[in-house]
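Report on the structure given below.
The values are calculated or read from the model by the stated rules, or taken from the named source; none is laboratory data. Keep in mind it's a predicted model, so treat the numbers as computed, not measured. Cβ coordinates were reconstructed from backbone atoms using ideal geometry, including for glycine residues, and neighbour counts include every protein chain displayed. Accessible surface is based on the protein model in full, side chains and every heavy atom, while ligands, DNA and RNA are left aside. Shrake-Rupley method; radii C 1.70, N 1.55, O 1.52, S 1.80 Å.
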Amino acid sequence: MKIKNIILAAAVALLLSSCSLYKKYDSKATVPDDVFGTTVHPNSINASIAEISWREFFTDPLLQQLIDSALVRNTDLNSARIAVEQSEASLKAARLAYLPALSFAPSGTLASFDRSAVSKTYSLPLQLSWDIDVFGSITTARRKSQVTLMQARIYEESVRANLISTVVQQYNMLMLLDRKLEILLTTDSLWDLSLETQKSLWENGQAYSTAVNQMESSYLNVKTQIVDVRRSILSVENAICKLLALTPQHIQRGRWGEYLLPANISTGVPAALLQNRPDVRIADYVMAESFYNTQSARQAFFPSLNLSGLLGWTNNSGAAVVNPGALLFNAVASLTQPIFQRGRLKANLKIAKLSEKDSQRKYVQTVINAGNQVNEALADIQSSREKNTYYQRQVAVLQNAYVGTHELMDNGKASYLEVITAQESLLNAQLSEVQNLYEGVQSLVALYIALGGATH
C-alpha cells in the first residue's frame, strides 16, 4: 500500500511540474515612461505620421515607381523572403512532430553454415515510432519554430523598411543635386556677365587687371563646382541602380519641391507606436525564444516516452525459416529518465536562464535606442524649420545686396572685391537654404522610418 502511495505522489508531482513546462511566453520587460525624453509629451500630440502607408507619405509618382521596382528586384530583400519560406517549412515540420513516424524497411539475408544449403530469409516490415509529448518538449519546439518564423518575417519587414528609406534618401539627394546644379548654372551666367563688365572697365582704364583676375578666379571656381555636382549626380544614380539590381543608367526624377512632403503632416509620436518598429518587435521575439530555450532546458530533466512498433511479413521466425512467410507484429514502449549527465543538464539550464535575462536587458536597450532616434529626428526637424525662415530672409537680403553692389560697380562706385563678396555670399546662402530644406525632409523621413511606418 505504501508503494502505491509513493507512486501516486510521484505521479502527482510530475503532473504539477509539467503544467509549468507548457506555459506560453508572456513578456515582463519594462521600459522607461519618458522614452522620448522630457522635451516630448506623447499624450498631447497627434501621431498621423506613423499611421500612414509609404505610398501616402511619398507621393512622387516617379519615386513610387523606383520603390516598387526595388521591392521586387533588390537582392537583400529577396534573400529575406527566402529565409521566411525556410522558417515556414521548419514550422510545418515542427507541427507534424506530434504524429508518429512511419517507414518501410525491407531486408533480406543469405546464410550458410559449413557449406550447408543457403537459407534465404526476408522481412517486409512497416516500422512506427511515436514520441509522446508528456512534458511539453515537442510543444516547446513548435513554439520556438513559430517565434523563429516571426523573427524572419519581421526581419523581412526591416529590410523592406531600410530599402524604402535608402531609395527615398538617394532620390531626394538626386533632386537636391539637380537644384544645386540649377543654382550654379544660373550663378555661372550672372558671374559671366560680371566678368565681362569688369573686362570692359579694365579696357577703358577704369579698373586694374588684378580685378579682372580675381573676378575670373571666382567665376572658374563656380565652373569646378558644376563639374563636382554633375559627378555626384552620376554617383547617386549608380547607387540607386545597385539597389534595384540594374546596370548603370539614368534615373527619372521630378523637380525639387514638387513632392517633397505630404500636406498637413503631423510629427506626433506616442510611445506605443515604437512597437511598429521591426527591431523592437524582433527584440521581443528574441525574449520569447530565450524563454522557450529555458523551457527546453527544464524539460530535459524529465523522462521521454517513446512508442514503437513493427508490422509486416517475414519467413524468419527466429528459430526456423518457414515458407511461405507469416505475419510479424512487434510493439515496444520505452521510458528514458536522465539520472546522471555529468552536470550538462544543470549547466544548460543556467546558461538558458542567463541568456533569457540578457535578452530582456537588450530589449529595454532597443526601446531606449529607438526613443533616442525619434528624439534626434524631432530635434532635427524643429531645427530645420527654425533655420528655414532665417535662410529665406538671408537670401532675399543678399539678393538685394548683390543687385545694388553690381549697379554701383557699373557706375564706378564699388570695387570688384565688394562685388565678388556679394556674389559669393548670395551663392552660399542659396546653397545653404536648399541644403537645410533637404536635411529637414530627410529628418522627417528618418522619423517616419524610426516609427516603423515604412513596413506597411
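Can you tell which of 320, 379, 414 is closer than 30 Å to residue 102 by Cβ, modelled with pLDDT under 85 and either open to solvent by 70 Å² or more (accessible area, probe 1.4 Å) or not polar (S, T, N, Q) (or both)?
On the way: 379 fails: closer than 30 Å to residue 102 by Cβ; 414 fails: closer than 30 Å to residue 102 by Cβ.
After ruling out the rest, the residue left standing is 320.
In the range 411-456, which residues are part of a loop (DSSP other than H, G, I, E, B) and of a type in the set (Ser, Thr, Tyr)?
Keep residues of the range 411-456 that are part of a loop (DSSP other than H, G, I, E, B), which gives 411-415, 451-452, 456.
The answer is 415, and nothing else.
List pairs: first in the range 238-265 and over 17 Å from residue 169 (Cα atoms) and among the hydrophobic types (A, V, I, L, M, F, W, C), second surrounded by fewer than 16 Cβ atoms within 10 Å (Cβ to Cβ) and modelled with pLDDT of 85 or more, Cβ under 7 Å, 6+ apart or cross-chain?
245/73; 245/75
How about the range 189-228: which of its residues are at pLDDT 90 or above and of a type in the set (D, E, K, R)?
Scanning the range 189-228 gives 223, 228.
Among (1) in a helix (DSSP H, G or I); (2) surrounded by fewer than 17 Cβ atoms within 10 Å (Cβ to Cβ), where does residue 205 come up short?
(1)
If you take the residues of the range 106-131 that are hydrophobic (A, V, I, L, M, F, W, C) and over 24 Å from residue 335 (Cα atoms), which of them is most open to solvent (accessible area, probe 1.4 Å)?
First, the residues of the range 106-131 that are hydrophobic (A, V, I, L, M, F, W, C): 110-111, 113, 117-118, 124, 126, 128, 130.
If we keep only those that are over 24 Å from residue 335 (Cα atoms) as well, we get 110-111, 113, 117-118, 124.
Values: 110: 130, 111: 46, 113: 169, 117: 86, 118: 87, 124: 80 Å².
Restricting to residues being hydrophobic (A, V, I, L, M, F, W, C) and over 24 Å from residue 335 (Cα atoms), the top hit is 113.
Can you find a residue that is among the acidic types (Asp, Glu) and under 19 Å from residue 426 (Cβ atoms) anywhere in the range 186-195? Step through it out loud before you land on a result.
Looking only at the range 186-195, we keep the residues that are among the acidic types (Asp, Glu), and these are 188, 192.
From what's left, under 19 Å from residue 426 (Cβ atoms): 188, 192.
Yes, that holds for at least one residue.
Here is a list: 427, 431, 444, 398. Which entry is under 30 Å from residue 277 (Cα atoms) and touching a helix residue (DSSP H, G or I) at 6+ places or on another chain (Cβ under 7 Å)?
Working: 427 fails: under 30 Å from residue 277 (Cα atoms); 431 fails: under 30 Å from residue 277 (Cα atoms); 398 fails: under 30 Å from residue 277 (Cα atoms).
Checking each option against the conditions leaves just 444.
Against the condition open to solvent by 40 Å² or more (accessible area, probe 1.4 Å), over 17 Å from residue 146 (Cα atoms) and modelled with pLDDT under 80, how does residue 263 come out, does it pass? Walk me through how you get there before you give the answer.
Details: open to solvent by 40 Å² or more (accessible area, probe 1.4 Å): yes; over 17 Å from residue 146 (Cα atoms): yes; modelled with pLDDT under 80: yes.
Yes: the conditions hold for residue 263.
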